[in-house]
1. Name the single residue, out of those in region A:274-298 being touching a strand residue (DSSP E or B) at 6+ places or on another chain (Cβ under 9 Å) and hydrophobic (A, V, I, L, M, F, W, C), that is nearest to A:Arg71 (Cα to Cα).
2. For region A:332-374, what are the residues that are part of a loop (DSSP other than H, G, I, E, B), in contact (Cβ under 8 Å) with a residue 12 or more places away in the chain and surrounded by fewer than 22 Cβ atoms within 10 Å (Cβ to Cβ)?
3. Here is a list of conditions, (1) away from chain B (no Cβ under 14 Å); (2) of a type outside the set (Ser, Thr, Tyr); (3) in contact (Cβ under 8 Å) with a residue 12 or more places away in the chain; (4) assigned to a helix (DSSP H, G or I), and A:Cys264 meets all of them except one; can you say which number that is?
4. Could you check region B:177-270 for helices (runs of 4 or more DSSP H) lying wholly inside it with 3 or more residues that are at pLDDT below 95?
5. Could you list, ordered by first residue, the pairs with Cβ atoms under 6 Å in which the first is in region B:62-89 and crowded, with 19+ Cβ neighbours inside 10 Å and the second is at pLDDT 90 or above and of a type in the set (Gly, Ala, Ser), at least 6 apart or interchain?
6. Taking the conditions exactly as written (touching a Phe, Trp or Tyr at 6+ places or on another chain (Cβ under 9 Å), in contact (Cβ under 8 Å) with a residue 12 or more places away in the chain, more than 29 Å from A:Ala219 (Cα to Cα) and not in a helix (DSSP H, G or I)), does A:Gly156 satisfy them or not?
7. Do the conditions hold for A:Glu142, that is, is it within 14 Å of A:Pro289 (Cβ to Cβ), more than 14 Å from chain B (Cβ to nearest Cβ) and of a type in the set (D, E, K, R)?
8. Select from region A:253-290 the residues that are crowded, with 24+ Cβ neighbours inside 10 Å, closer than 22 Å to A:Ser351 by Cβ and in contact with a Lys or Arg (Cβ under 8 Å, 6 or more places away or on another chain) and list them in ascending order.
Amino acid sequence: MTALPPKHRTAYVNARLLDPASGLDVPGALLAEDGKIADLGPDLFKDGVPEGVQRVDCAGACLAPGLVDMRVQIREPGEEHKETMDSAGRAAAAGGVTSMVGLPNTDPVIDDVAGVEFIARRAREVKRVKVYTYAAVTRNLEGRELTEMGLLAESGAVAFTDGVKAVENAQVMRRALAYARTFGHLIVQHPEEPSLAGGAMNGGEMATRLGLPGIPKLAEVMMIERDLRLVEMTGGRYHVAHISTAESVEAIRRAKARGLDVTCDTAPHYFALNEIAVADYRTFAKVSPPLRGEDDRQAILEGVADGTIDAIASDHSPHDVESKRLPFAIAEPGIVGLETLLPLSLQLYHSGKAGLLDLLACLTVRPAGILDLRAGRLAKGAPADLLVFHPERAWKIEPDNFASKSKNSPFEGLPVQGRVCRTVVDGRALFEAA
Amino acid sequence: MASLHGTSASFEGYRHRHLLGIEGLTASEILFLLDRSDGYVDLNRGEDKKKDLLAGRTVINLFFESSTRTRTSFELAAKRLSADVINMSVAWSSIKKGETLIDTAMTLNAMHPDVLVVRHPDSGAVQLLAEKMNCAVINGGDGSHEHPTQALLDALTIRRRLGIIEGLQVAICGDITHSRVARSNIHLLTTLGARVRLIAPPTLMPGSIERMGVETFTDMRKGLEDCDIVMMLRLQTERMQGSYVPSTREYFHFFGLDREKLQAAKPNALIMHPGPMNRGVEIDSELADDIHRSVIREQVEMGVAVRMACLETLNHNLHLARSQQEQAAQ
């Protein structure tokens, strides 16, 4: 009989265990064994950690599932000067994200099996956080012909979206929902009626004062309401990305009440900022959909608090300085978000809007559930994708210190609470705070 | 007059480094610039039009958008103050591809201008440029945002005709959505206590503009009722062919200024237009030339005076700041 190779075992002790899926919130410990969670609980290692097990003292910090970020622009292939698989992976780890899902709007577009396989191979090569990818709904994101959804899903695409573009044509959307339903796949929509969304910022007084073309709030809810009709008609699975308006929250709330199979997410900037952030033509606060009014910001907060909004995604959109230091109307939209996702989201917890477990659910088990990923839980047998963090620890956002290649954050200098101490993927520590 | 052109002139009334917009200026700052401009009107009407206040200084006119009258007006203003003037016309489309606006700023900085006049088709572009420039910057019009010297010259024209701006009823008519002239005038006129009405079809009226302290009208006759001033705006031809209004003919019928509609205004209401005019589109040709009603030519004249005052003031502030910096360094 040959001896089995020794198992690689790590004990995380003195932790506050937080598992949103099961509602667990107790002081305790967790054992990771060969990349999986072997055991956890308040009584584990009560009598000390046995020999041969690596011991990590969490010193009272929270131990939660690693974050699942369902909306990231990795920029590889095609725009490696803005971000690469490696830099995005490091940024994710620094932000406590253990699984990220990339958008297909790369160059070339991820609309065929080779593209999906390229992402998987690059992720294996750089060995950072887990990387999943969406594939395009339509070829080359042109909004006309459907991609090979069945084959793309078999090769690993987790869902389908045209990225930062809406599927504009109603017939195409109808067919996409109906066809994807055959395989149980999800369609993710960027919610904007393009013919109304040609502006540079939220429509209204601010846009009028700045002399910028405005995008009416209506452009968002119109697209969502159209799609909801198509969902009803086709029985397809539908998810709305980064909602930004009060009316969108209300439309989703009503759809859920009617029993439709729909979900949605928002990004931290839609509840942390309003359109005032673009005063003085601050292009770092230019995003798509645009930052809205204060009433919308409040409605987004409510939507997260009452569960209408299922998930919070970073909407990580790295841009180099040359894409941002331009007149507002022609500057690229987007905020680099992986490293600020946790502290900005924790603002809801610190302000009493949401409980810590509920908030973490939006960042872990819920997005994992929407995309059917094996992630986002502290459970025996689950991957040891872990986040150790101090929810209270104060720091100041300094984009210059980001691991991301791009620094386009409007949150520069903002004091926040909630610091990542350690990020673990499959039992491997990828990030440890200094 | 003596204090205006003497060496002891005081520029306490306007302390900003740049003139990027009217929004945010106080009534007294605006009045200061108007008072100084007044003096230059007389100078320009005299035989010897030249002062050496900007001798040795460099003014660059940087135009990313074609313009004849504004550029000429700034050029003449600078030359009458004895500055060296360079005109640069840049096709913005070529800039977009290669050199960025920031690169342009760096290049110009290296030439050590004292005042940079910039016109740009994008709102906010002049401010972006100003942040990177070591000299004073005058906004010669940015996108649909502001055109401060136009509002000042309009105010000077009105004040010289009617004596005071406070309490006047002013109607601004036409393409408000795309007009930087309208925005600068709204800020200036409301700051000085005039009441402003905007008249436009809904497709050319920007959202929530009432929040800027104006009344809005879609019926020109109602809007013009009891107005002292009728300010017409230019409507660009590409916006008249179905995209914003159905046709030129229909636009003139409902929103063009003719004698019949003008009757709704006060009997001696003044007609203004920032130029260049589309005769027969937004304004009846004969009316535009009516010397009893139209002050359009005076506006052009006031433009040079206003720009001289702005150049002089900003140049003064720049060199005051520089000498203060030098003193602090010693």
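1. A:Val287
2. Answer for region A:332-374, where residues must be part of a loop (DSSP other than H, G, I, E, B), in contact (Cβ under 8 Å) with a residue 12 or more places away in the chain and surrounded by fewer than 22 Cβ atoms within 10 Å (Cβ to Cβ): A:Glu332, A:Pro333, A:Lys353, A:Asp372, A:Leu373.
3. (4) is the only condition that A:Cys264 fails.
4. Output list reads B:248-255.
5. Note: pairs meeting the criteria are B:Thr70/B:Gly140; B:Ser73/B:Gly303; B:Val85/B:Ala78.
6. The answer is yes for A:Gly156.
7. No.
8. A:Asp265, A:Ala267, A:Tyr270, A:Phe271
The values are calculated or read from the model by the stated rules, or taken from the named source; none is laboratory data. Keep in mind the model is a prediction, meaning the values are calculated, not measured. Using ideal geometry, Cβ is built from the backbone for each residue, glycine included, and neighbour counts are taken over all protein chains shown.
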